[in-house]
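A.B. asks: Pasting in a structure now, in structure tokens, and then I'll have a few things to ask.
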Amino acid sequence: MASTDNIILRAEDITVGYGEMDILYNVFIHLKFGEMVAIIGPNGAGKSTLLKAVFGFLKPKTGRVMFNNLDITGMKPDKIAKIGISYVPQVENVFPSLTIQENLEMGAFIRTDDFRPRLNEMYELFPVLKKRKQQKVGHLSGGQRQMVAMGRALMLDPQVLLLDEPSAGLAPKLVSMIFEKIKDINSTGVAMVLVEQNAKEALSMADRGYVLVSGRNALDGEGQALLQDKEVGRLYLGG
Ligand SMILES: Nc1ncnc2c1ncn2[C@@H]1O[C@H](COP(=O)(O)OP(=O)(O)OP(=O)(O)O)[C@@H](O)[C@H]1O
Ligand SMILES: [Mg+2]
């Protein structure tokens, strides 16, 4: 068998869209165990669409998604969640009328074992949430909501976390705080696909990155190499 052992997730040759309209054309990404990979690119490039296709919300017209050498193309999101991939959508990623604790418990909904130890780990990771666990999430700041969304996704103890624009709409100080949390999560061994508008910061902390443009792979490489790439700099990093 070919040695793909260090790769946990691979999407290859993905063509997908909405209805008749294709948005992604033959897109590929892969993620190694424990790795953090950033996906950057202009608005409308198809970054969110790619995550939706990986997580089973959209069925690719071509290509396949492999997770731990299992073909998960076309598998339903709840089943994908059960086998070890969690997803934090770009919008509407929390239940505003529920408390922090209830949101985290919702994340554990499909667990059949005792999730309380995991809940405590989430409160260790996000102490600010522990202090407010009975508060409704709708009353929290943007940064705290984002922590709830990540905590909810982590309740299943996934091997892979798909994060769509975790820093969107946050004040600069909160952006760095959320990025620190993302590093902490990655350092616990969770491999991540991180879609980000803050391309510079995302590439600085990611092991590797992919640039998507108009639904196609434009460039990929090590985070540091992309950061220093003249074209990437000119197009996406404001210099
Ligand atoms: N539910 C949908 N139905 C039809 N078209 C959609 C839908 N969602 C997204 N699109 C279209 O697909 C294209 C890619 O959108 P997508 O959200 O994947 O881009 P993105 O790279 O995540 O952009 P952004 O940086 O703004 O989040 C856009 O042209 C968008 O209008
Ligand atoms: Mg998006």
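The values are calculated or read from the model by the stated rules, or taken from the named source; none is laboratory data. Every value quoted in this text rests on a predicted model; they were computed, and no experiment measured them. With ideal geometry, Cβ positions are generated from the backbone for all residues, glycine too; neighbour counts draw on all protein chains shown.
A.B. asks: Is it true that A206 is away from ligand 2 (no atom under 16 Å from the Cβ), in contact (Cβ under 8 Å) with a residue 60 or more places away in the chain, of a type in the set (A, V, I, L, M) and closer than 20 Å to K52 by Cα?
C.D. replies: no
A.B. asks: Quick check: is even one residue across region 185-199 of a type in the set (V, I, T) and within 16 Å of ligand 1 (Cβ to nearest atom)?
C.D. replies: Scanning region 185-199 turns up at least one residue that is of a type in the set (V, I, T) and within 16 Å of ligand 1 (Cβ to nearest atom).
A.B. asks: L163: touching a residue at least 60 places away in the same chain (Cβ under 8 Å), within 16 Å of ligand 2 (Cβ to nearest atom), under 18 Å from S48 (Cβ atoms) and not in a helix (DSSP H, G or I), yes or no?
C.D. replies: yes
A.B. asks: Sticking with this structure for a sec: Kindly list the number of the only condition in (1) part of a strand (DSSP E or B); (2) surrounded by fewer than 19 Cβ atoms within 10 Å (Cβ to Cβ); (3) within 16 Å of ligand 2 (Cβ to nearest atom); (4) of a type in the set (A, V, I, L, M) that fails for V211.
C.D. replies: (2)
A.B. asks: Quick test for you: out of D22, D13, pick the one residue that is of a type in the set (D, E), more than 27 Å from L227 (Cβ to Cβ), surrounded by 15 or more Cβ atoms within 10 Å (Cβ to Cβ) and modelled with pLDDT of 95 or more.
C.D. replies: D22
A.B. asks: In the list K52, K59, which residue meets the criterion of being in a loop (DSSP other than H, G, I, E, B), without any contact (Cβ under 8 Å) to a residue 60 or more places away in the chain, within 16 Å of ligand 1 (Cβ to nearest atom) and not hydroxyl-bearing (S, T, Y)?
C.D. replies: Selected residue: K59, the only one of K52, K59 that is in a loop (DSSP other than H, G, I, E, B), without any contact (Cβ under 8 Å) to a residue 60 or more places away in the chain, within 16 Å of ligand 1 (Cβ to nearest atom) and not hydroxyl-bearing (S, T, Y).
A.B. asks: Look at region 85-141 and say how many of its residues are among the small types (G, A, S), surrounded by 15 or more Cβ atoms within 10 Å (Cβ to Cβ) and at pLDDT below 95.
C.D. replies: Summing the residues that are among the small types (G, A, S), surrounded by 15 or more Cβ atoms within 10 Å (Cβ to Cβ) and at pLDDT below 95 in region 85-141 gives 2.
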